[in-house]
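> Sharing a structure here in structure tokens format.
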Amino acid sequence: MVAETRLTPDDLIAPLFVREGAREPQPIASLPGVVQHSPESLRAEVAHLLDVGVPAMILFGIPEHRDGDGSGASDPEGVVQVALRDLRDRFGDEIVLIADLCLDEYTDHGHCGLLTPSGAVDNDSTLDRYAEIAVAQAEAGADIVAPSGMMDGQVAAIRDALDEEDFADTAILAYAAKFASGLYGPFRDAVDVEIAGGGDRRAYQQDPANAREALEEVRADVAEGADLIMVKPAVTYLDVIARVRAEHDLPLAAYHVSGEYAMIKAAAANGWINGDAVALEQLLAVKRAGADLILTYFAREIAEVIG
Ligand code: PBG
């Protein structure tokens with residue numbers, strides 16, 4: 001009766017992976033219980049999520065071919081576009097379809113942007129690619145596009161492109177404060193991405209030492225027209241979630257990322273912690289800090305527990 005914070009299944013957004021050409025779902029070793037879906041297993045998972053009260057999902061694609069431009073990301077026949085159309089046909093308006101908007105799963109070098117001849121990420125030419133991807137995803141049925149590449153100006157570029165192509169109603173969930181975190185390791189296994197030359201993303205993602213700088217990043221995305229904003233990862237950045245909440249009234253999401261999930265799963269598998277209890281505690285903490293929505297690999301499991 002006196003609980004100040006409640007977690008409900010419709011607070012949760014399930015990240016789902018779909019692999020081009022997969023006939024069977026493929027397990028992901030570092031994310032026990034999460035798979036790279038085939039078209040068929042993806043439909044079954046969405047039906048299951050709806051059954052337990054989780055209406056929203058964010059899609060990530062694993063393409064068969066990768067190239068320098070990440071062309072599969074904006075190809076109308078690309079893996080995510082095909083999946084978006086299929087899910088929209090099947091489930092209509094019952095689901096909220098979010099498309100992660102980035103290049104790293106589609107480029108042969110694994111960076112989130114196009115590269116200059118010297119191998120640096122080229123912010124401004126990447127914006128044109130993001131605009132093309134946004135339009136392809138909206139055409140395929142995405143309700144929300146979620147740029148995760150942390151290029152400067154990405155929200156404005158995507159908003160302009162969507163408006164120009166008559167997708168004024170397609171919303172933008174901005175990965176606004178996304179830190180260069182060690183907690184994305186299992187995700188990179190999930191999408192088979194290796195960053196060229198053992199590189200990292202510190203040139204475009206946020207420094208974990210800097211909360212004020214992250215707030216500036218959020219302000220920029222809000223000014224550019226973000227409809228929803230996100231902090232990522234979640235538990236290590238509860239202070240940032242709380243500060244963003246205090247400053248902004250837009251819907252606020254937090255991404256409980258692959259490493260946060262994997263740590264709980266690994267400790268639980270060893271019998272060292274109660275996995276369900278710790279997952280619930282962490283997700284509740286993320287809401288308590290101020291998030292409205294949580295992207296989490298626990299979505300289905302925890303919805304079953306709390307639903
Ligand atoms: C980039 C992207 C990443 C994640 C979501 N979108 C990986 C990265 O920035 O390296 C990570 C999510 C997770 O770890 O669960 N497209």
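> Enter the Cα centre distance for the pair the stretch 1-78 and the stretch 234-260, rounded to the nearest angstrom.
21
> I would also like to ask the following. I want to verify a result. In a Gaussian network model of the chain, Cα cutoff 10 Å, which of these has the top mean-square fluctuation: Gly149, Gly61, Gly275?
Between Gly149, Gly61, Gly275, it is Gly275 that shows the largest mean-square fluctuation.
> Figure the gain on full extension for Asp67 and Thr116 (residue separation times 0.36 nm, minus the Cα-Cα span) and round it to one decimal in nm. Before the final figure, lay out the partial values.
Numbers: separation 49, 0.36 × 49 = 17.64 nm, distance 1.44 nm.
Full extension from Asp67 to Thr116 adds 16.2 nm.
> Quick one: Debye curve from the alpha-carbon atoms of the stretch 167-307 only, equal weights, vacuum; give me log10 I(q)/I(0) at q = 0.19 Å⁻¹ to two decimals.
So the normalised log intensities work out to -1.18.
> Taking 0.36 nm per residue of sequence separation and subtracting the Cα-Cα distance, how much length would be gained by fully extending the chain between Ala223 and Ala29, in nm to one decimal? Could the numbers behind the result be given before it?
Values: separation 194, 0.36 × 194 = 69.84 nm, distance 4.00 nm.
Extending this stretch completely gives an extra 65.8 nm.
> Can you give the FRET efficiency to the nearest 0.05 for Asp189 and Asp93, using r as the Cβ-Cβ distance and R₀ = 35 Å? Before the final figure, lay out the partial values.
Values: r = 34 Å, r/R0 = 0.96.
Computed FRET efficiency for Asp189 and Asp93 comes out at 0.55.
> Just to be sure I understand the model, the point goes 7 Å from the Cα along the line to the Cβ. What's the resulting Ile273 to His48 distance in nm?
Calculated label separation equals 2.3 nm.
> If you don't mind, there's one more thing I want to ask. What aspartates and glutamates does Lys178 reach when the alpha-carbon gap must be under 16 Å and sequence neighbours fewer than 8 apart in one chain are set aside?
Asp100, Asp104, Asp152, Asp200, Asp207, Glu213, Glu216, Glu217, Asp221, Asp239, Glu260
> Fewest Cβ neighbours within 10 Å first, please rank Thr236, Thr8, Thr296 accordingly. Walk me through the numbers before you get to the answer.
Details: Thr236 16, Thr8 12, Thr296 27.
So the ranking, lowest neighbour count to highest, is Thr8, Thr236, Thr296.
> When Val52, Val286, Val257 are ordered from fewest to most other Cβ atoms inside 10 Å of their Cβ, what list results?
On the way: Val52 17, Val286 28, Val257 25.
The fewest-first ordering by Cβ neighbours comes to Val52, Val257, Val286.
> Let me ask something else. From largest to smallest, what semi-axes in whole angstrom does the stretch 9-228 give when each is the square root of 5 times an eigenvalue of its alpha carbon gyration tensor?
Numbers: eigenvalues 127, 84, 63 Å².
Values for the stretch 9-228, descending: 25, 21, 18 Å.
> What FRET efficiency, computed as 1/(1 + (r/R0)^6) with R0 = 45 Å and r the Cβ-Cβ distance, is obtained for Asp163 and Glu4, rounded to the nearest 0.05?
On the way: r = 40 Å, r/R0 = 0.88.
The computed FRET efficiency comes out at 0.70.
> Sticking with this structure for a sec: When only alpha-carbon atoms count, how far does the stretch 1-119 stretch along each of its three principal axes, as whole angstroms with the largest first?
61, 33, 30
> For Ser118, Ser30, Ser74, Ser125, what's the fewest-to-most ordering of other Cβ within 10 Å of each Cβ? Before the final figure, lay out each step's value.
Working: Ser118 6, Ser30 17, Ser74 22, Ser125 14.
Going from least to most buried by this count: Ser118, Ser125, Ser30, Ser74.
> What percentages make up the Cα-Cα pair-distance distribution of the stretch 1-59 when the bins are 10 Å wide from 0?
So the P(r) values, bin by bin, are 21, 44, 23, 9, 3, 0.
> Which listed residue (Ala190, Met151, Ile98) has the Cα farthest towards the positive end of the charge dipole for the stretch 9-228, taking +1 on Lys and Arg C-beta and -1 on Asp and Glu C-beta about the Cα centre?
Farthest along the dipole direction, towards plus: Ala190.
Read the figures in this text as sums done on the coordinates, not as results from a lab. Keep in mind it's a predicted model, so treat the numbers as computed, not measured. Quick reminder, even Gly has a Cβ in these numbers, built from the backbone with ideal geometry, and neighbours come from all protein chains shown.
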